[in-house]
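What follows is one structure encoded as structure tokens, with my remarks underneath.
The values are calculated or read from the model by the stated rules, or taken from the named source; none is laboratory data. Please read all numbers here as calculations on a predicted model, not as lab measurements. Cβ atoms come from the backbone with ideal geometry, glycine included; neighbour counts cover every protein chain shown. For the accessible areas, the whole protein counts, side chains as well, though only heavy atoms, and no ligand, DNA or RNA atoms are used. Shrake-Rupley method; radii C 1.70, N 1.55, O 1.52, S 1.80 Å.
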Amino acid sequence: MNARDFYRKYDVELIPAALADLTLGKCVWDGGWFDKPSFERKGMPNYIFNAFVAEDLISLDECDEYLERFRSLPRIEAAFSQESVELETDDAIQLGIPQLAKLDAKLDMVKNARFSVLEATGKSIPNRDRIIIDRLLDQLKAKNWDKYRTGLRRAYMVTELYYGAVEITIDQKWEAALDATIAATPGEQAVKLKVGKSVSYTFPSGNVPFGMRMERIKFFNS
């Protein structure tokens, strides 16, 4: 399943450039179908809690506590865990898997490879925290409407993150070359499978998410 079909079916966007520190509550300026989401924009806070700190609605320590709790939330099996989701080459090699990070996207072996995510798991903002964020947003609107209007009203917030094992499938003629790259790089052992003239390598799920679900802050909890 490609990225567009995946989005239409599950309302989950593939993260265009994998970010190792991406956490629930991240603010995103969505570019729509024709532009990739932007994780930075003038006037938009990094995380939703940063906006609350700036207006003295919560302390910096409380902000850190929320984000650390979000990072430590357990992952559960995703609704699409049985689906195979195709990844762009550049995104796949940025998913924090050491053996893939060593690959050169310009090599024929890599350019002709197929990358997929399997066995997806995910985590989402708990309901109690959604209620807290909603109340803080109401306070922010009442205290500084202009800041809300320019920095948050048109932005989105990451409310779910998804992780998964990454599979790379190549033609068997490049098997020896990829085996050498994998053997020379520390990291968890891949599961290797040969089918006809193709060879697949599946690497265990890492800590870098491949997908996210966003909600428009303007309509959050409405």
Any chance you could check the Cα centroid distance between the stretch 194-222 and the stretch 135-181 for me, in angstrom? 10
Can you send over the solvent-accessible area of SER116, 1.4 Å probe, protein chains only, in Å² to the nearest 10? 0
Taking trypsin sites (Lys or Arg not before Pro) that fall in a DSSP loop and have at most 11 other Cβ atoms within 10 Å as cut points, what is the longest piece of the chain between them? 107-196
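Can you give the extra length, in nm with one decimal, that the chain gains between ASN112 and GLU65 once fully stretched, where that is 0.36 nm per residue apart less the Cα-Cα distance?
Values: separation 47, 0.36 × 47 = 16.92 nm, distance 4.40 nm.
Stretched out fully, the ASN112 to GLU65 stretch lengthens by 12.5 nm.
What part of the accessible area of the stretch 42-83, given as a whole %, is carbon or sulfur when the probe is 1.4 angstrom?
Working: 1200 of 2530 Å².
C and S fraction of accessible area: 47 percent.
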Value at 222 nm in deg cm²/dmol, rounded to 500, when DSSP H runs of n ≥ 4 in the chain each add -39,500 (n - 2.57): -8500 deg cm²/dmol
When the convex hull of its Cα atoms is projected in every direction, mean area for the stretch 67-207 (nm²): 11.2
Of PHE220, LEU60, LEU100, whose Cα points farthest to the positive end of the dipole of the chain (charges on the beta-carbon: +1 Lys, Arg; -1 Asp, Glu; origin at the Cα centre)? PHE220
For a quick check of understanding: with a 1.4 angstrom probe and all protein chains in place, what accessible area in square angstrom does ASP146 have, to the nearest ten? 90
Considering only protein heavy atoms and a 1.4 Å probe, what is the carbon-and-sulfur percentage of the accessible area of the stretch 135-222? 48
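Using a Förster distance of 45 angstrom, determine the FRET efficiency expected from the C-beta separation of ASP56 and TYR7, and round it to 0.05.
Details: r = 38 Å, r/R0 = 0.84.
Working from the Cβ atoms, E equals 0.75.
In the chain, once you exclude exposed GluC sites (Glu not before Pro) (DSSP loop, at most 12 other Cβ within 10 angstrom), what's the longest stretch remaining? Walk me through the numbers on the way to the answer.
Working: sites that count: GLU40, GLU188.
Within the chain, the longest run free of exposed GluC sites (Glu not before Pro) spans 41-187.
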Which pairs break 30 Å Cα to Cα here: LYS111/LYS218; LYS102/LYS197; LYS123/LYS192; LYS102/LYS173; LYS42/LYS102; LYS42/LYS143? LYS111/LYS218; LYS42/LYS102
According to a simple spin-label model (label point 7 Å from Cα along Cα-to-Cβ), what is the distance in nm between VAL191 and ASP179? 2.0
The chain, accessible area per residue, ligands and nucleic acids excluded (1.4 Å, Å²): 54
